[in-house]
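The structure under discussion appears below in the form of structure tokens.
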Amino acid sequence: MIVPDTKNWTWVLERACPDCGYDAEQTAYAAVPERTLDSAARIGAALERADARVRPDDTTWSVLEYGAHVRDVCRIFDTRLALMLAGDGVVPPQFENWDQDATAVADRYGEQDPARVATELAVAAEKIASAFAAVPADRLDLRGARSDGSLFTVASLSRYFLHDLVHHVHDVRG
């Protein structure tokens, strides 16, 4: 059984991730769209492997499950970014809570079609990459809040988001 991830990963905005090496402080906002597309392409390529449905052990997601998760991460963060950009700039919008582990079970990530997940991931990554690329420089400080009280600016949200993708590229490397 996969143990639900209950960690608060916001620390990746302050120091490099020891697992995947991602360093948010060294990541320029302008690099986020390209690195998003690169990460999605790498996961998409991994979804072509014959063993994409196979979990490496009982406590680790398969490539397919990671791919479906990253697709949904792109979609969730596109929604969050849109909320921030639609806000008044005074009161940060609060993001709806998302339980990634419950979603994985409810949506049967491990039973989805790898080719379809790869296509949907590419579309979702392109959409969020384009959305981040289109944000004017004077709006990068707009804020949003998670239900746990964690505050983000558009700029910090982009770097936090990118860690998820880079980290899962690390997880699915062959």
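The values are calculated or read from the model by the stated rules, or taken from the named source; none is laboratory data. Not measured: the values here are computed from a predicted model. In this analysis, Cβ positions are derived from the backbone assuming ideal geometry, glycine residues included, and neighbour counts consider all displayed protein chains. With ligands, DNA and RNA removed, areas are computed over all heavy atoms of the protein, side chains included. Shrake-Rupley method; radii C 1.70, N 1.55, O 1.52, S 1.80 Å.
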Filter the range 121-152 down to residues that are in contact with a Ser or Thr (Cβ under 7 Å, 6 or more places away or on another chain) and closer than 21 Å to residue 69 by Cβ and give me whichever is most open to solvent (accessible area, probe 1.4 Å). 150
Residues 68, 41: which one is of a type in the set (Gly, Ala, Ser), out of contact with any Phe, Trp or Tyr (no Cβ under 6 Å at 6 or more places or on another chain) and modelled with pLDDT of 95 or more? 41
How many residues does the range 123-174 contain that are assigned to a helix (DSSP H, G or I) and either of a type in the set (Val, Ile, Thr) or touching a helix residue (DSSP H, G or I) at 6+ places or on another chain (Cβ under 9 Å) (or both)? 31
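Considering the range 31-43 alone, what residues qualify as being aliphatic (A, V, I, L, M) and touching a residue at least 40 places away in the same chain (Cβ under 8 Å)? Explain how you work it out, then say what you get.
Of the range 31-43, the ones aliphatic (A, V, I, L, M) are 31-32, 37, 40-41, 43.
Answer for the range 31-43, where residues must be aliphatic (A, V, I, L, M) and touching a residue at least 40 places away in the same chain (Cβ under 8 Å): 32, 37, 40, 41, 43.
Do the conditions hold for residue 40, that is, is it part of a helix (DSSP H, G or I) and surrounded by 15 or more Cβ atoms within 10 Å (Cβ to Cβ)? Spell out how you get there, then give the answer.
Details: part of a helix (DSSP H, G or I): yes; surrounded by 15 or more Cβ atoms within 10 Å (Cβ to Cβ): yes.
Criteria met by residue 40.
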Open to solvent by 60 Å² or more (accessible area, probe 1.4 Å), polar (S, T, N, Q), farther than 19 Å from residue 33 by Cβ and without any contact (Cβ under 8 Å) to a residue 60 or more places away in the chain: is that true of residue 112 in this structure? no
Filtered residues of the range 86-103 (kept if under 20 Å from residue 153 (Cβ atoms) and surrounded by 11 or more Cβ atoms within 10 Å (Cβ to Cβ)): 87, 89, 92, 93, 94, 95, 96, 98
Exclusive hit being exposed (fewer than 14 other Cβ atoms within 10 Å of the Cβ) and either within 28 Å of residue 116 (Cβ to Cβ) or in contact with an Asp or Glu (Cβ under 7 Å, 6 or more places away or on another chain) (or both), set 33, 18, 56: 56
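How about the range 67-85: which of its residues are closer than 18 Å to residue 115 by Cβ and either basic (Lys, Arg) or open to solvent by 30 Å² or more (accessible area, probe 1.4 Å) (or both)?
Here is the first cut: in the range 67-85, the residues closer than 18 Å to residue 115 by Cβ are 67-72, 74.
Hit for the range 67-85 is 71, nothing else.
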